[in-house]
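Remarks on the structure that follows.
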């Protein structure tokens, strides 16, 4: 699917929802990361900047009513949010949420996790956790996600909150809620949308046409 197909499916689902919602997406296209420890230094490419602006314009033209915005503190996420909102035509505060860019809550042994980072790609770590494997240095997926979900719930969402984060967090949320893994070409695309839909005191996750309650 291309970006417009992704968001057409998302707006179709949003039209059937009454209440607050979040649209959570991976940042736009970035330069390659050659070293795990340079994760925060990879910035948006020109393609990523253009895509963010174009996406914002398309969201405005197609009835997405964005009322608030959150982002990981990693600069490429903040810039993606800024450019989407610029294209959307709204100047609103972007709230920085540290847990949207901090893998720390997933780690229970920093020394073991550092070795794992050197041996495994981040997507393999994520898929291992989603498979229920023991990944040295890491907690299970639910234990890692709960602080982030609790933190997101502590914010006032508004009708539709735009949330810009990283592939690991989108994959963890969608994988945990929907029993999905994301190998090879199934991995999370740049700016690919996931929805969190508030239903009373529960939250439903929607991704790639599948949905279920988050916890």
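The values are calculated or read from the model by the stated rules, or taken from the named source; none is laboratory data. Just so it is clear, the structure is predicted and the values come from calculations on it, not from any experiment. All Cβ positions, even for glycine, are placed from backbone atoms using ideal geometry, and neighbour counts span all protein chains on display.
Scanning region 64-93 for residues that are within 27 Å of residue 141 (Cβ to Cβ) and assigned to a helix (DSSP H, G or I) yields a total of 6. Would a scan of region 34-44 turn up a residue that is within 21 Å of residue 188 (Cα to Cα), in contact with a strand residue (DSSP E or B) (Cβ under 6 Å, 6 or more places away or on another chain), modelled with pLDDT under 95 and in a loop (DSSP other than H, G, I, E, B)? Looking through region 34-44, at least one residue is within 21 Å of residue 188 (Cα to Cα), in contact with a strand residue (DSSP E or B) (Cβ under 6 Å, 6 or more places away or on another chain), modelled with pLDDT under 95 and in a loop (DSSP other than H, G, I, E, B).
The one condition from (1) surrounded by fewer than 21 Cβ atoms within 10 Å (Cβ to Cβ); (2) closer than 15 Å to residue 97 by Cβ that residue 159 does not meet is (2). The criterion of at least 3 residues that are in contact (Cβ under 8 Å) with a residue 40 or more places away in the chain is met, among helices (runs of 4 or more DSSP H) falling completely within region 94-190, by 122-130, 141-154, 167-178.
Yes or no, residue by residue, for (1) touching a helix residue (DSSP H, G or I) at 6+ places or on another chain (Cβ under 9 Å); (2) closer than 24 Å to residue 183 by Cβ; (3) at pLDDT 95 or above; (4) surrounded by 15 or more Cβ atoms within 10 Å (Cβ to Cβ):
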residue	(1), (2), (3), (4)
99	yes, no, yes, yes
106	yes, yes, yes, yes
109	no, no, yes, no
113	yes, yes, yes, yes
118	yes, yes, no, no
123	yes, yes, no, yes
135	yes, yes, yes, yes
139	yes, yes, yes, yes
